[in-house]
Amino acid sequence: MRSRKELANTLRILAVDAVERARSGHPGAPMGMADMAEALWRGALRHNPGNPRWADRDRFVLSNGHASMLLYGLLHLTGYDLGMDDIRAFRQWGSRTPGHPEYGHTPGVETTTGPLGQGLAMAVGMALAERLLAAEFNREGFPLVNHYTYAFAGDGCLMEGVSQEACSLAGALKLGKLVVFYDDNGISIDGEVKAWMPDDTPERFAACGWHVIRDVDGHDGEALDAAITLARSVQDKPSLVCCKTIIGYGSPNKSGSADCHGSPLGEAECAATRILLGWEAEPFVIPEDVRAAWDCRARGAELEAAWNDLHARYAASYPELAAEFDRRMAGNAPEAWAAAAADAISQAAAGKPRPDKGVATRIASRNTLDVIAPALPELFGGSADLTGSVGTWHKHSERVTGENPRGNYLSYGVREFLMGAMMNGMALHGGFLPYGGTFLVFSDYARGAIRLSALMRQRVVWVLTHDSIGLGEDGPTHQPVEHLGSLRLIPGLRVWRPCDALETAVAWKCAVEQDGPSCLVLTRQAVPLQERSAGQIEAVARGAYVIRDCEGEPEALILATGSEVEPAVAAAELLAERGLRARVVSMPCCEAFDAQPAAYREAVLPSSVRVRVAVEAGAADAWWKYVGLDGAVVGMTSFGASAPAGKLFDHFGFTPAHVADTVERLAR
């Protein structure tokens, strides 16, 4: 029978060989964490290689994603659909073993990691999702939702600021089924971290309410087993298992140094490592007894079969709850959704609840949530300490705390990055459609998480308010200029900037139904409700549509979003008085419009009309693709200023007269 050290060495050798073959990668961390991985994956971890999507599996997050070959080795050895040819193709074009783990690309990978710290924060979101679902669905004798979230994290993860955000809130929420293994090897790319990381990490986590297990020998399987058992025994605190390890363990000349962190060991050192570890098999050859010792398929099938039996008995006793749980985990829309969305749009079109006054789109968003939330029990909201300002708290909200796991709303504190990463974790876990609010200008803090939402195509909704100089007196520190254009650059992200309550309701419907993330960019100030026909209401979801047309063929096109639609419509009226026919196109979502058939895009923006002016209180650059070099953009080319909104709009030219003059100058 092979020793546990020999089984861990299998992971080490796979990492060494794959990195060497690819001529790139990170062998040191997989070699250092191999014993930790052996202890967890062959021990406490409840998973089924035959079904990576089993609802009640434990979640595993490799936050230090550069150690990807550790995860690929684990998936291959335990029996997931990841063959040795995949391992050989590490980091190559078209392979299922990319340089960093990618969700949806490799069976068994729970999340995309690599940007350090985010994996740890997503693990907090996953652990919260488990706790919430358990509180909602479990019944006496039926622990339907009962799994752990485990994460590996290194010094780099803990140096990133988001790790402190995650550490603090996880402690406050008392997430007892979150266990984080700290790979304390003291090395990063630049060398020994003690010169720039003097932290007492165990004390830091303990101060935030974590159960901390100190000074665990990360190369001793029995010590690791005991630490895992101890971590699981504490149910009212997340646990940090501090593992002392040696980076590149087994490399006779490079272990314990930065030399093995991010480059192949080299042919000679690979051979020396094999000798030191006593590994005799050829590269990419696993002895059958080793493969048998690692194989978790039979055990995984038994675990899932036992849970399936529990689920069947649960369904017999609580059929409605079981059906709802299954729907939520499958990500299917509830039966009531279509009617609720239609009701929200109908109310917005009628001007309810303020029939004779315009409303800020941030308020319109809250009004929409009031209508749709009862039909979407998976909807989970929150804000980064701006609940009252961003309108994310609806009539049916209930706050989640460390003492109350039954709510649907979380105050994240002033932690935009964590909020985004946790929402990603909740979406990945399944059972939730998370949304979170902050000011548009503060989306900068969360950009890394927004980018990962798009990369993983996760259904996460950002409510980003105070969308322009229209927020007024708070001044340029809070007035977004470049943010709309910057967010629109992220592939797969839908950015909605509605002009009124109706477009806001439609934007929410589209965000809920979108296979990927969305940003709803909303005003602080009130905007009037525009008049529309039924056909125009239906066209809003297409991203752009004619909101005000002219008699006959248009001589000019005015494109606008958000609060600038109002002056654009008024400008068209002025131009009509001057004898110039102008069509106004409201363009709440450029990405949705760009995805429309060419015929629709041509019908809205006829290529024969070259007089084109775009109007948006943001950076002008992105609009040139619509107006052409012979068009014009009324936009921002500088930062804003501290003044009342009306004064700012006048000064920067977002007025009917200035827009009309700009169009006329091009036309004449």
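Relative to the longest principal Cα axis of the chain, at what angle does helix 28-39 sit, 0 to 90 degrees, rounded to 10?
Computed tilt is about 70 degrees.
So for the chain, taking the charge dipole from beta-carbon charges (+1 Lys/Arg, -1 Asp/Glu), which of 298, 464, 543 sits furthest toward the positive end?
Final value for the positive-end residue is 543.
Any chance you could look up the accessible area of residue 389 with a 1.4 Å probe, heavy atoms only, rounded to 10 Å²?
40 Å²
In whole Å, how far is the Cα centre of region 281-351 from that of region 80-145?
Centre-to-centre distance over Cα atoms comes out at 14 Å.
Beta carbons within 10 angstrom, averaged per residue: use that to sort the peptides 367-374, 596-603, highest first.
Numbers: 367-374: 20.5, 596-603: 12.4.
Per-residue mean Cβ counts within 10 Å order the peptides as 367-374, 596-603.
Rule-of-thumb check for region 137-213: C-alpha Rg over 2.2 N^0.38 Å?
Working: Rg = 15.5 Å, N = 77, 2.2 N^0.38 = 11.5 Å.
Cα Rg divided by the expected 2.2 N^0.38 Å: 1.35.
Taking the Cα centre as origin and putting +1 on Lys and Arg beta-carbons and -1 on Asp and Glu beta-carbons, what dipole magnitude results for the chain, to the nearest 20 debye?
On the way: 63 positive and 82 negative charges, 138 e Å.
So the dipole magnitude of the chain works out to roughly 660 debye.
Would you work out the relative contact order for region 50-166, in percent, from Cα pairs under 8 angstrom that are 6 or more residues apart?
Values: 179 pairs, mean separation 39.2, N = 117.
Averaging sequence separation for qualifying contacts and normalising by length gives 33 percent for region 50-166.
Checking a compactness column here: for region 184-267, what do you get for Rg(Cα) / (2.2 N^0.38 Å), N being the number of residues? Present the calculation step by step, with values, prior to reporting the outcome.
Working: Rg = 15.2 Å, N = 84, 2.2 N^0.38 = 11.8 Å.
Relative to the rule-of-thumb radius for its length, region 184-267 sits at 1.28.
If I stretch the segment between residue 342 and residue 233 completely, what's the gain in nm (0.36 nm per residue apart, minus their alpha carbon distance), one decimal? Display every interim value, and only then the final one.
Numbers: separation 109, 0.36 × 109 = 39.24 nm, distance 4.84 nm.
Result for the pair: 34.4 nm of gain on full extension.
Debye sum, Cα scatterers, region 87-194, no solvent: what log₁₀ I/I(0) at q = 0.20 1/Å?
-1.09
Going by average Cβ density within 10 Å per residue, which order do the peptides 166-173, 492-499, 51-58, 298-305 take, highest to lowest? All intermediate terms of the calculation are to be shown ahead of the outcome.
Numbers: 166-173: 23.8, 492-499: 26.0, 51-58: 18.1, 298-305: 15.9.
Ranked by mean Cβ neighbours within 10 Å, highest first: 492-499, 166-173, 51-58, 298-305.
Please get the size of the charge dipole for region 153-302, origin at its Cα centre, with Cβ charges of +1 on Lys and Arg and -1 on Asp and Glu, quoted in debye to the nearest 20. Before the final figure, lay out each step's value.
On the way: 13 positive and 25 negative charges, 117 e Å.
Magnitude of the dipole: close to 560 debye.
Give, as ranges by residue number, the residues of region 276-317 whose backbone N falls under 20 Å from the point 7 Å along Cα→Cβ of residue 140.
310-311, 313-317
Please give the per residue volume of the convex hull enclosing the alpha carbon atoms of region 534-615, rounded to a whole number of Å³. Write out the running numbers ahead of the final one.
Values: hull volume 7.6 nm³, N = 82.
Convex hull of Cα atoms, per residue: 93 Å³.
Region 81-144: which trypsin sites (Lys or Arg not before Pro) are DSSP loop and have at most 15 other beta-carbon atoms within 10 angstrom?
Details: sites: 88, 91, 96, 131, 139; in loops: 91, 96.
Those that pass, being in a loop and sparsely packed, number zero.
Inverting the mean 1/r over all pairs of different Cα atoms, compute the Kirkwood radius of the chain and quote it in Å. Let's see the in-between values first.
Working: mean 1/r = 0.0374 Å⁻¹.
Roughly 26.8 Å, rounded to one decimal.
Out of the total accessible area of the chain (probe 1.4 Å, heavy atoms of protein only), what percent is carbon and sulfur? Intermediate values should be presented prior to the final figure.
Details: 12610 of 24830 Å².
In the chain, the share of accessible area belonging to carbon and sulfur is 51 percent.
Quick one: order 192, 482 from most to least accessible surface, probe 1.4 Å. Numbers along the way, then the final one.
On the way: 192 100, 482 80 Å².
From most exposed to least exposed: 192, 482.
Using the alpha-carbon atoms, what tilt in degrees (0 to 90, nearest 10) does helix 297-317 show relative to the longest principal axis of the chain?
Tilt of helix 297-317: around 50 degrees.
For the chain, find the longest principal axis of its Cα atoms and tell me its angle to the long axis of helix 565-577, 0 to 90°, nearest 10.
Helix 565-577 sits at roughly 30 degrees to that axis.
Too long at a 30 Å Cα-Cα cut-off: which of 174/244; 352/625; 174/254; 174/352; 395/509; 194/237? Walk me through the intermediate numbers first.
On the way: 174/244 25 Å; 352/625 37 Å; 174/254 40 Å; 174/352 41 Å; 395/509 18 Å; 194/237 28 Å.
Result: 352/625; 174/254; 174/352 exceed 30 Å.
Let me check against my output: what whole-number percent is the relative contact order of region 118-195, with C-alpha pairs under 8 Å and at least 6 apart? Numbers along the way, then the final one.
Working: 84 pairs, mean separation 29.0, N = 78.
It rounds to 37 percent for region 118-195.
Calculated FRET efficiency, residue 577 and residue 482, Cβ-Cβ r, R0 35 Å, to nearest 0.05? Kindly include the intermediate steps, with their values, before the conclusion.
Numbers: r = 35 Å, r/R0 = 1.01.
Computed FRET efficiency for residue 577 and residue 482: 0.50.
Quick check for you: with a 1.4 Å probe and neighbouring chains kept, what is the accessible area per residue of region 131-226, in Å²? Mind dumping the intermediate values first?
Values: 3620 Å² over 96 residues.
Per-residue value: 38 Å².
Compute from the Cα atoms of region 392-479 the Rg and the Dmax, the latter being the longest Cα-Cα distance, and quote both in angstrom.
Just the Cα atoms of region 392-479 yield Rg and Dmax of 14.1, 41 Å.
If you restrict to DSSP beta bridges whose two residues both lie in region 48-204, what percentage is antiparallel, to the nearest 5? Write down the numbers at each step before the final one.
On the way: 3 of 13 bridges.
If we restrict to bridges inside region 48-204, about 25 percent are antiparallel.
Could you state the accessible area per residue of region 375-496 in Å², with a 1.4 Å probe and every protein chain left in place? Kindly include the intermediate steps, with their values, before the conclusion.
Working: 3680 Å² over 122 residues.
Value for region 375-496: 30 Å² per residue.
Taking the convex hull of the alpha carbon atoms in region 555-661, what volume per residue do you get, in Å³? Mind dumping the intermediate values first?
Numbers: hull volume 10.5 nm³, N = 107.
Convex hull volume per residue, Cα atoms: 98 Å³.
Between residue 217 and residue 404, with labels modelled 7 Å along Cα→Cβ, what's the label distance in nm to one decimal, could you check?
So the two model labels end up 4.8 nm from each other.
Sequence gap at least 6, Cα distance under 8 Å: using those rules, report the relative contact order of the chain to the nearest whole percent. Write out the running numbers ahead of the final one.
Values: 1433 pairs, mean separation 77.5, N = 668.
12 percent.
Viscosity 1.306 mPa s, temperature 10 °C: what is the translational diffusion coefficient of region 479-597 from Stokes-Einstein with a Kirkwood Rh over Cα pairs, rounded to a whole number of µm²/s? Display every interim value, and only then the final one.
Working: Rh = 14.8 Å.
Answer, rounded: 107 µm²/s.
The values are calculated or read from the model by the stated rules, or taken from the named source; none is laboratory data. Predicted model only: the values in this text are computed from it and were never measured. Virtual Cβ from ideal backbone geometry, glycine too; neighbours counted across all protein chains shown. Areas reflect the complete protein model, heavy atoms only, side chains present, ligands, DNA and RNA absent. Shrake-Rupley method; radii C 1.70, N 1.55, O 1.52, S 1.80 Å.
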